[in-house]
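Values in this text are rule-based calculations from the coordinates and carry no lab data. Since this is a predicted model, take the numbers as computed values, not measurements. Because the Cβ atoms are built from the backbone with ideal geometry, glycine has one as well, and the counts that use them run over all protein chains shown.
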Amino acid sequence: MPELTAEVERFSLVIAIGGMPIRVNTADPDFLALLEGRYSGFLGSSENAEVEFEVELVRPGFADPAAEVRVTHRMGRWSLTRGDFRAEWEPASRRGWIRQSANPYSIDAVLRIVHSLVLARQGGFLLHSASALRNGKAFLFAGVSGAGKTTISRLAPPDATLLTDEISYIRRHDAGYVAFGTPFTGELAKLGENVSAPLAALYLLAQGPENRIDPVAPGEAARSLLANVLFFAEDEELVRAAFHSAFEFVSRVPVSRLTFVPDARVWELIR
Amino acid sequence: MSRLFVARNPRVAARCLDGEMMIMSARDSTLFTLNRTATILWQAADGTTPLDEIVQSRICPEFEVEPAEALKDAETLARELAGHEILQISEEPIPQRNAPGESPGESR
């Protein structure tokens, strides 16, 4: 009796954020099309993906995407779980899998986590901040929800390029840092441009009666930075690395408080 | 009355910036900023110097307080920091290992 085998066709695309290509393989062409739309502008063609994920789609069930994320490391393998997905990733083999329903939010969370883990080992991080490029320099605008990240992004003049209105991508480079555009959006729901530039400043946002820039003490700068770094891993070595990276950052990048009224004149201060 | 020994918990990351000591629990990423007294205690907590000696030599001269009162406050503070797993406390000396090149009171 002949052996019955079924060859499942796999579809694949490469999502390159922060210069790091991640290949995603799926058996579902509709899901592939969904990802192509979601990450348009961040699709690469690299044959040398740094990470490769097999996505297994499951039927949507009751899943809470607001549930707590758990990221643990054991025996050389990262395990990522949230109400709406499970994933594993083995850095040594550069391979992993994601089990989720056909939605863009779960894989988006997996990508953020994987990038945050890779960056933490390299002195970089993902930051809860808007960022923009102007005159060849990148500027970060950090703050809690309501501080004005979306507003300042919306007010950006035509000669400024929006890198993100929600999550900035910071990579250590030589004696400084480089900010990259990301497809991770906030209220503006507009993908950042896939470009990068040396980082010139971090502004801590506050809304007030006038536009002004004030210095921030180093301790407050480090605390504010740490409060806005996206970090998920329950891993002591990586927590230490992220902690010291924040102090390294504030010793190399000017950090100020940017108080602004919500109109376009604030951008006269950002050059 | 037994003496108390205090040691920095090696499972935290610490940095001093402009005299402000910040400590992060490597276990759950909680960030603590120490006040001046806690910073002195943290920096002196080598596991072998008894708490009463730290109070006598480091805290009393800094704050001009009575040793007995200062020791009582320092014990309360040490237990509080131990509760946050920032310090270890014991009635016996606590062996400490510092990484090569590590600054006193800072961990990497």
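Key figures
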| read-out | value |
| --- | --- |
| In region B:1-34, the trypsin sites (Lys or Arg not before Pro) that fall in loop regions by DSSP, at most 15 other Cβ within 10 Å | B:R3, B:R11, B:R27 |
| Tilt relative to chain B, helix B:67-83 - C-alpha long axis, 0 to 90 degrees, to 10 | 30 |
| Between helix A:29-38 and chain A: long-axis angle, C-alpha atoms, 0 to 90°, nearest 10 | 10 |
| Backbone HN-Hα couplings from phi across region B:33-40 [Karplus 6.51/-1.76/1.60, Hz, Gly and Pro as x] | 10, 8, 7, 4, 5, 5, 5, 4 |
| For A:G44, distant residues with modelled amide H under 5 Å away | A:V14, A:I15, A:A16 |
| GNM result for chain A, Cα springs below 10 Å: residue of A:E54, A:E193, A:E220 fluctuating most strongly | A:E220 |
| GNM result for chain A, Cα springs below 10 Å: residue of A:G124, A:G192, A:G37 fluctuating most strongly | A:G37 |
| Region A:24-117: chymotrypsin sites (Phe, Trp or Tyr not before Pro) in DSSP coil with no more than 15 other Cβ atoms inside 10 Å | A:F62 |
| Inter-site label distance for A:D64 and A:E268 at 7 Å from Cα along Cβ, in nm | 4.9 |
| Long-range HN-HN contacts of B:T48 with modeled amide H, under 5 Å | B:I94 |
| Cα gyration tensor category, rounded, prolate or oblate, for chain A with a/c compared to 1.5 | prolate |
| Gain upon complete extension [A:R121, A:R94; 0.36 nm per residue less C-alpha separation] | 8.2 nm |
| Tilt relative to chain A, helix A:218-228 - C-alpha long axis, 0 to 90 degrees, to 10 | 30 |
